[in-house]
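The values are calculated or read from the model by the stated rules, or taken from the named source; none is laboratory data. Worth saying up front: this structure is predicted, and the values here are computed from it rather than measured. Counting neighbours? That spans all protein chains shown, and the Cβs are built from the backbone with ideal geometry, glycine included. Just so you know, the surface numbers come from the protein's heavy atoms only, side chains and all, with ligands and any DNA or RNA stripped out. Shrake-Rupley method; radii C 1.70, N 1.55, O 1.52, S 1.80 Å.
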Amino acid sequence: MSCNTYNGYYLLQGPLRLNLIEGSINILGFVLNNKSQRKSIIIPLGRSLPIIASKSCIEVSPSYKSVIEVNDNIYTILYEIYRKVSNSEKILIIGPNDSGKSTLAAFLINSFWSEGKKMKIMSADLGQNEIYCPSFVSISDIIPPYIPGWKDSVKNIKSCFVGDFSSYKNKEKYIECIEKLGKENLIIDTDGLVDEESIKLKLSLAQKLNIDTIISIGIDNMAEKYLDKKVNIINLDKVVKKEKSRIQRKENRDRLISNCILKSSKILLKLNNLKVINEKNLSPGYIAGIESSDGNQYFGIIYKVSNDILTIITQYVGEINKIEIGYIKLNLKNYENLLKSK
């Protein structure tokens, strides 16, 4: 690989790996330089992220064509937002799909960590949970720089199973999971549902979690309309022009599920020794939450039910006494090659 020099504003289009050789790069609010412990980053497939390069010599694979020079400086906007929220402890980000919620959440969490304030990141986007797996709410620490979808930039993950790709279809469990995980200082990245009832659902978190700042992107003054509690509300236009289309979001969700299957193993369980929640969906293909002894829940898929033996595909390693079955049934044929290897 060759080393090319960059200076100015660029867009990194995934998938790519970037290795910093000399100089410095501001990647979503975190500066990589010669003193950084981490000098290599990965931009996942489907992600386009802005950087500022300062006389930087970098290696890029698979192609330098994935580094595109741009004129607009989105960082001016992002740093202005950070200045407005820098004293916040709990931030809720709401807005439609393709509005830049994940990009903004990543920038803010990186900026806080850069100044020594180690807030956690929460993915409450059930269909696009890039911290853990779809149909879960998850919270984690970060290994800066945090890059959405890059699993090596998160650690100490805790998850709670909602069982659907939509926050509104199982709203009681959605709220329960966010309350359970949201006790620390954090930034919450939500889904793109912005109809009236979905907005009300998300704003109900302000009271339950003592949210001190709500960032409302691309939905005018809807937060003020439905919020009773006095909260710092920041209304923004869309932060990015476009992120993912509906087809791209589905493809990304399928990739996320495939990655979760890759990290799973096949396990046989005796149903007589198992507590099953939502037993009516105990059939092949349904996504499930496998509960550990400490209450954390792990990704699972019902693979086979035969007499009193349940076969599941799960990431959890340990004694299993309880599983919760969700409302999403996957077509196992779409993942046949992955499942055969288990």
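Here is how the numbers come out for the structure above:
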| item | result |
| --- | --- |
| Within the range 1-67, strands (runs of 3 or more DSSP E) holding 2 or more residues that are hydroxyl-bearing (S, T, Y), open to solvent by less than 40 Å² (accessible area, probe 1.4 Å) and in contact with a strand residue (DSSP E or B) (Cβ under 9 Å, 6 or more places away or on another chain) | 4-13, 48-61 |
| Residues of the range 141-170 that turn out to be free of Cβ contacts under 8 Å to residues at least 60 places away in the same chain, surrounded by fewer than 22 Cβ atoms within 10 Å (Cβ to Cβ) and within 23 Å of K90 (Cβ to Cβ), as a count | 5 |
| Residue ID - nearest to G95 (Cα to Cα), chosen from residues in the range 212-224 that are in contact (Cβ under 8 Å) with a residue 12 or more places away in the chain and open to solvent by 60 Å² or more (accessible area, probe 1.4 Å) | D220 |
| In the range 291-319, residue least open to solvent (accessible area, probe 1.4 Å) [restricted to those that are of a type in the set (V, I, T) and within 19 Å of I157 (Cα to Cα)] | T314 |
| Condition check for E89: out of contact with any Lys or Arg (no Cβ under 7 Å at 6 or more places or on another chain), of a type in the set (D, E, K, R) and modelled with pLDDT under 95 | no |
| Count of the range 126-155 residues which are farther than 18 Å from G14 by Cβ and in contact with a Pro (Cβ under 9 Å, 6 or more places away or on another chain) | 2 |
| Filter result for the condition that a residue is at pLDDT 90 or above and over 16 Å from the mean Cα position of the chain (by Cα), over K169, K183, K229, K242 | K183 |
| Residue match in the range 78-93 (condition: among the basic types (K, R), in contact with a strand residue (DSSP E or B) (Cβ under 9 Å, 6 or more places away or on another chain) and surrounded by fewer than 24 Cβ atoms within 10 Å (Cβ to Cβ)) | yes |
| Among the residues listed as K250, K322, K263, the single one being more than 23 Å from S140 (Cα to Cα) and open to solvent by 60 Å² or more (accessible area, probe 1.4 Å) | K250 |
| Strands (runs of 3 or more DSSP E) contained in the range 269-314 and holding at least 3 residues more than 12 Å from G326 (Cβ to Cβ) | 297-306, 309-314 |
| Strands (runs of 3 or more DSSP E) contained in the range 104-162 and holding at least 3 residues modelled with pLDDT under 95 | none |
| Candidates L209, L227, L205, L193 - the one that is open to solvent by 20 Å² or more (accessible area, probe 1.4 Å), within 26 Å of F112 (Cβ to Cβ) and in contact (Cβ under 8 Å) with a residue 12 or more places away in the chain | L227 |
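Residue-wise test of (1) modelled with pLDDT under 95; (2) within 25 Å of the chain's Cα centre (by Cα).
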position	(1), (2)
A288	no, yes
G300	no, yes
V317	yes, yes
I323	no, yes
K340	yes, no
